[in-house]
1. Based on other C-beta atoms within 10 Å, arrange F47, F167 from fewest to most.
2. In debye, nearest 20, what is the charge dipole magnitude of region 127-244 about its Cα centre with +1 on Lys and Arg Cβ and -1 on Asp and Glu Cβ, if you could check?
3. Relative contact order for region 103-260 using alpha-carbon pairs under 8 Å, separation at least 6, rounded to a whole percent?
4. Given Cα pairs under 8 Å that are at least 6 residues apart, what percent is the relative contact order of region 1-113?
5. From the backbone phi of region 219-227, what are the Karplus-calculated ³J(HN,Hα) couplings (6.51 cos²θ - 1.76 cosθ + 1.60, θ = phi - 60°) in whole Hz, Gly and Pro given as x?
6. Short version: ³J(HN,Hα) in whole Hz for each residue of region 150-165, in order, from phi by Karplus 6.51 cos²θ - 1.76 cosθ + 1.60 (θ = phi - 60°), x for Gly and Pro, what are they?
7. What FRET efficiency comes out for N189 versus I129 if R0 is 51 angstrom and r is the Cβ-Cβ distance? Round to the nearest 0.05.
8. GNM, the chain, Cα, under 10 Å: largest mean-square fluctuation among A100, A131, A186?
Amino acid sequence: MALPVYATTGQKIWYYAFRVICAAIFFFLIFPIITIIPLSFNAEDFFTFTPGMLAFESDAYSFKHYDDFFNNEDWQLALSNSLKIAPMATFLSVSLGTLAAIGLSQSHVPFRGAIMAILISPMIVPLIISATGMFFFYSQPFGFSDLSIQGTYWAIVLAHAVLGTPFVIITVTATLVGFDKSLTRAAANMGADPVTTFFRVQMPLIVPGVISGGLFAFITSFDEVVVVLFLGSAQQKTLPWQMFTGLREQISPTILAVATILVTVSVLLLLTVELLRRRSERLRGMSPG
């Protein structure tokens, strides 16, 4: 919004000061992420800018760290595990979170506030506490060691689904705020059963929120490392686990190449979320088409 011509001196000062503050915060948050991108093209095995890079010499830049990522068995195993675990965890999160959000949107449900607080608690509780609790539970579910799934893919999938479900609940709940409930009543009056009403009437209108929540759940699972360290074994190591191991045991610039790829993917997913948010607003008549 442009500064009005009748603005006072104080308003003008705040107008420009606010933009300077926002720019400083943006720089503080983004600059560390941007720094790793040129470093990932370093031709040397260093975690710092070489004189050749600062002079923009072509020989100082190379794709060898990306080549190492795509041809190294350890990195490819970690990538494969992440691509197996994250979609399954996302599917469970979206299924459970969407149903929970729709149920909690009903006014007749008792203790909705308390139930919502419990369902989104994985976002609030420190991750190390959640990981510790999951470790002991999955080692001896309900006190039966024979049912242990600790050290399996399903343990990580279920744990990541728990962490991702709150994001789906929040985004779908926000989408349902503007949902016209008379549409479901009209469908029921026309003879549609609840399942048909959900898939033919309700789901098409809330699908932007569902997809947005699913993207956040996917990012949560794909980037998570603490739970994997507690529940997984060497065969289930994911990409963040491999990066953590690389930082602890061998300092390799390949980590920077992987980080650049993950940043790029995250940016694309966030852009998708923003496009879906705008589409959802248009469908609910909250913004012009």
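1. Values: F47 14, F167 24.
Fewest-to-most ranking of F47, F167: F47, F167.
2. 220
3. Rounded, it is 28 percent for region 103-260.
4. Averaging sequence separation for qualifying contacts and normalising by length gives 13 percent for region 1-113.
5. 4, 4, 5, 5, 9, 7, 10, 5, 4
6. Listing the rounded values in order: 5, x, 10, 5, 5, 4, 6, 4, 5, 5, 5, 5, 4, 6, x, 4 Hz.
7. 0.60
8. A186
Every read-out reported here was derived from the displayed coordinates using simple, explicitly stated rules and does not represent laboratory data. Keep in mind the model is a prediction, meaning the values are calculated, not measured. Here Cβ is always computed from backbone atoms with ideal geometry, including for glycine, and neighbour counts include all displayed protein chains.
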